[in-house]
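In what follows, a structure is listed as structure tokens, so that the remarks can point back to it.
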Amino acid sequence: MTAQILDGRAIAADIREQVRRQVDARRAAGQDAPGLVVVLVGENPASQVYVRNKQKACQQVGFRSELLQLPADTSQARLLQLIEQLNARDDVDGILVQLPLPAQINEDLITEHITPTKDVDGFHPWNMGRLVLRQPLLRPCTPKGVMTLLACTGIDLVGKDAVIIGQSNIVGRPMLLELLMARCTVTVCHSKTQHLADKVRGADIVVAAVGVPRFVEADWVKSGAVVIDVGINRMQDGSLCGDVDTDAVAARAGWITPVPGGVGPMTVATLLQNTLLAADMHDRRS
Ligand code: NAD
């Protein structure tokens, strides 16, 4: 078998086009374009690339977007004060504080300070809790983007066995909740998991979010499985590599996501969907 490619770039482009049309419709109805503020603290090179991609995507769909760049020595108190100002601003629908933050700032405290209905990353405990309770509003972007990719396969997810490798708050855990909500039977593996390869061998759907280049090997993967590679690893030669040994795994899998061009663009496209939803919720409240 040679896997079909789940082309995140093309699917994300379709989503951007849908969002752009909805922005046009909002404006035609006399409403503002959604407004996103991205806050970047310090000069982490990867964060700078992510923020640039998000800004570019916002411009493409006609959002109002603002980038606030703060120095690396910004105090926690200063960032909390800024968030309070953004929470209060009526022209701001979505607030995204790019992670990671410098060591002097407590990331959880910052996340919890954002008004939940403006939390377009979906990381606030209120949004996570809603996902736990199967009443999602703003959903973490990467796992939601993965669900959009899975929908594009046309495969009925109900009753499928899914294995997630990685249990982080931003990928593995919300991914568990998304797949459970889609009525998969889900196993979450992590660094202490025993017999990992055997667990992966039983899976119809594999989601790899480990942060180790080419971690998932071909003989771990069941023939025909859907393999979603969330990993983004920068190699010494500057190239990007996922958490799956893509060429080898593609010979067994039914579907596979490339890196780059798989999950990454879906994360940004889902952020746009979340910001549009936040703007709609904002309008309904005012
Ligand atoms: P993380 O470091 O927070 O979590 C990694 C997880 O992998 C942990 O839960 C850990 O227990 C598990 N793990 C580590 N070694 C393992 C092993 N030997 N066996 C089994 N499990 C093991 O990372 P994260 O933030 O969840 O990100 C994971 C990867 O996804 C990274 O490469 C990151 O760059 C990428 N990422 C991509 C996107 C995107 O938009 N495509 C978004 C977020 C993260």
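Laboratory data are not the source of any read-out in this text; all were calculated from the coordinates shown. Source: prediction; values computed, not measured. Glycine gets a Cβ as well: all are built from the backbone with ideal geometry, and neighbour counts include every protein chain shown.
Taking 0.36 nm per residue of separation and subtracting the Cα-Cα distance, what length does fully extending Gln236 through Glu217 add?
In short, 4.7 nm is gained.
For Ser286, Ser65, what's the fewest-to-most ordering of other Cβ within 10 Å of each Cβ? Write down the numbers at each step before the final one.
On the way: Ser286 6, Ser65 21.
Fewest-to-most Cβ neighbours within 10 Å comes out as Ser286, Ser65.
Tell me the GluC sites (Glu not before Pro) within the stretch 43-125 that lie in a loop according to DSSP and have at most 13 other beta-carbon atoms within 10 Å.
Filter output for the stretch 43-125: Glu43.
Below 28 Å, Cα to Cα, which lysines can Lys118 reach? Residues fewer than 8 away in the same chain don't count.
Hits, sequence-local ones excluded: Lys54, Lys56, Lys144.
Helix 8-28 versus the longest principal axis of the chain: what is the Cα-based angle in degrees, 0 to 90, to the nearest 10?
It is inclined by approximately 30 degrees.
As a footprinting exposure proxy, order Cys184, Cys241 by other Cβ within 10 Å, with the fewest listed first.
Cys241, Cys184
Provide the gained length on full extension for the span Ala151 to Ile5, in nm with one decimal, where the gain is 0.36 nm per separating residue minus the Cα-Cα distance.
Residue separation times 0.36 nm, minus the Cα-Cα distance, leaves 51.2 nm.
Extending each Cα 7 Å along its Cβ direction at Arg21 and Arg284, get the distance between those two points in nm, one decimal.
Those two pseudo-labels are separated by 2.2 nm.
Specify the angular offset, from 0 to 90 degrees and rounded to the nearest 10, of the alpha carbon long axis of helix 141-153 from the longest principal axis of the alpha carbons in the chain.
Approximately 50 degrees, to the nearest ten.
Using the Cα centre of the stretch 20-75 as origin and beta-carbon charges of +1 (Lys, Arg) and -1 (Asp, Glu), tell me which of Pro71, Ala33, Gln55 is placed farthest towards the positive end of the dipole.
The one lying farthest along the dipole's positive direction is Ala33.
Go through Ala46, Gln81, Thr270 and say which Cα lies farthest out towards the positive end of the charge dipole of the chain; charges sit on Cβ, +1 for Lys and Arg, -1 for Asp and Glu.
Thr270
Can you work out the FRET efficiency for the pair Gln194 and Leu133, with r the C-beta to C-beta distance and R0 = 51 Å, to the nearest 0.05?
For Gln194 and Leu133, the calculated efficiency is 0.95.
Given Ala162, Phe215, Met235, which one lies farthest toward the positive end of the charge dipole of the chain, if we put +1 on the Cβ of every Lys and Arg and -1 on the Cβ of every Asp and Glu?
Ala162
How far apart, in nm, are two points set 7 Å out from the Cα along the Cα-to-Cβ line at Leu68 and at Asn53?
Placing both labels 7 Å beyond Cα along the Cβ direction yields 2.4 nm.
By how many degrees, between 0 and 90 and to the nearest 10, does the Cα long axis of helix 263-285 differ from the longest principal axis of the chain?
For 263-285 against the chain, the angle is about 40 degrees.
Need one number: % antiparallel among DSSP beta bridges in the chain, to the nearest 5.
Of all bridge pairs located within the chain, approximately 5 percent are antiparallel.
Asp91 versus Asp32, label points 7 Å from Cα toward the beta carbon: distance in nm?
0.7 nm
Which trypsin sites (Lys or Arg not before Pro) from the stretch 188-247 combine a DSSP loop assignment with at most 15 other Cβ atoms within 10 Å?
Lys192
Find, among the trypsin sites (Lys or Arg not before Pro) in the stretch 97-174, those assigned to loop by DSSP (not H, G, I, E, B) with at most 16 other beta-carbon atoms within 10 angstrom.
Taking the stretch 97-174 and a limit of 16 other Cβ atoms within 10 Å, the loop trypsin sites (Lys or Arg not before Pro) found are Arg134.
Can you give me the long-range amide H partners of Leu70? Hydrogens built in the peptide plane at 1.01 Å from N, cutoff under 5 Å, separation of 5 or more residues or another chain.
Residues meeting the criterion, in which the H sits 1.01 Å from N, are Leu40, Val41, Gly42.
Taking the Cβ of Cys241 as the centre, find all other residues whose Cβ is under 12 Å away and add up their charges (Lys, Arg: +1; Asp, Glu: -1).
Numbers: positive: Arg214, Arg234; negative: Asp229, Asp237, Asp243, Asp245, Asp247.
Its environment carries a net charge of -3.
Give, as a single signed number, the net charge of other residues whose beta carbon lies under 15 Å from the beta carbon of Val206, with Lys and Arg counted +1 and Asp and Glu -1.
Overall, the nearby charge balance is -3.
For the residues Cys189, Cys58, what sequence is obtained by ranking on other C-beta atoms within 10 Å, fewest first?
Working: Cys189 21, Cys58 25.
Neighbour counts put them in this order, fewest first: Cys189, Cys58.
Using a cut-off of 15 Å between beta-carbons, work out the net charge of the residues near Leu68 (Lys and Arg +1, Asp and Glu -1, Leu68 not included).
For residues surrounding Leu68, the net value is +2.
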